[in-house]
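Take a look at the structure set out below.
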Ligand SMILES: [Zn+2]
């Protein structure tokens, strides 16, 4: 499937994970969208994403792969300097379902060592690669991390997905409080470069603002 709106049933099964930021309509934070970017930072796409966000004065949350931070520390620094929030996406982008719990946690800690110490008043952020994580792994991570899932998977990584259709479906399914996943990885380049500026423009015109997690 090239597009995925998270079913409410899944949200109910895993209530300890963060799927969205839906608020009551009278809340000042109500009309917010949370842009998230997974898998970077990479030189081919992350600087472009940063430039687009800057041009709209918008901030996002980047779930970084430790090995990419290791290879491109200057890009990681640019994320931090740009005022964006960063989260942990493991060191090697590993699948929790196929990984022993000990190895999974060790890989997350390996990534953690490269992340700047965050504000101690906030829990650190983690997003499992592929959204695949075992219950035991969730239980072990929850004391230290907010585990951030999503309300909308943009499908930007699917090269067979027409970019107009990708944009239209992202727009159609977004609602106040949506957490949407984009990717700053190679596969997403074709769709993301089309979709991201148009998505931000559309919702800015609709009076939305964009928040960090
Ligand atoms: Zn990922």
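The values are calculated or read from the model by the stated rules, or taken from the named source; none is laboratory data. The shown structure was predicted, so the numbers you read here are calculated from the model rather than taken from an experiment. Note: ideal-geometry Cβ built from the backbone for every residue, glycine included; neighbour counts use all protein chains shown.
A few notes on this one:
- Some residue of the range 81-91 being touching a residue at least 24 places away in the same chain (Cβ under 8 Å), surrounded by fewer than 19 Cβ atoms within 10 Å (Cβ to Cβ), more than 18 Å from residue 145 (Cα to Cα) and within 16 Å of the ligand (Cβ to nearest atom): no
- Every condition in (1) touching a strand residue (DSSP E or B) at 6+ places or on another chain (Cβ under 6 Å); (2) closer than 24 Å to residue 196 by Cβ; (3) outside any strand (DSSP E or B) holds for residue 47 except the one numbered (1).
- If the condition is being within 18 Å of residue 213 (Cβ to Cβ) and away from the ligand (no atom under 14 Å from the Cβ), then the range 58-71 contributes 58, 59, 60.
- Test: residue in the range 27-43 that is within 17 Å of the chain's Cα centre (by Cα), over 15 Å from residue 181 (Cα atoms) and either free of Cβ contacts under 8 Å to residues at least 24 places away in the same chain or more than 16 Å from the ligand (Cβ to nearest atom) (or both): no
- The test for being over 19 Å from residue 152 (Cβ atoms), at pLDDT 95 or above and not in a loop (DSSP other than H, G, I, E, B) does not hold for residue 35.
Yes/no per residue for (1) within 16 Å of the ligand (Cβ to nearest atom); (2) surrounded by 21 or more Cβ atoms within 10 Å (Cβ to Cβ); (3) more than 15 Å from residue 47 (Cα to Cα):
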position: 175; (1), (2), (3): no, no, yes
position: 178; (1), (2), (3): no, yes, yes
position: 185; (1), (2), (3): yes, yes, no
position: 191; (1), (2), (3): yes, yes, yes
position: 194; (1), (2), (3): no, no, yes
position: 201; (1), (2), (3): no, no, yes
position: 206; (1), (2), (3): no, no, yes
position: 210; (1), (2), (3): no, no, yes
position: 213; (1), (2), (3): yes, no, yes
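- Summed over the range 135-173, residues that are closer than 17 Å to residue 13 by Cβ and surrounded by fewer than 16 Cβ atoms within 10 Å (Cβ to Cβ) total 4.
- In the range 50-85, residue farthest from the chain's Cα centre (by Cα) [restricted to those that are within 15 Å of residue 183 (Cβ to Cβ) and in a strand (DSSP E or B)]: 64
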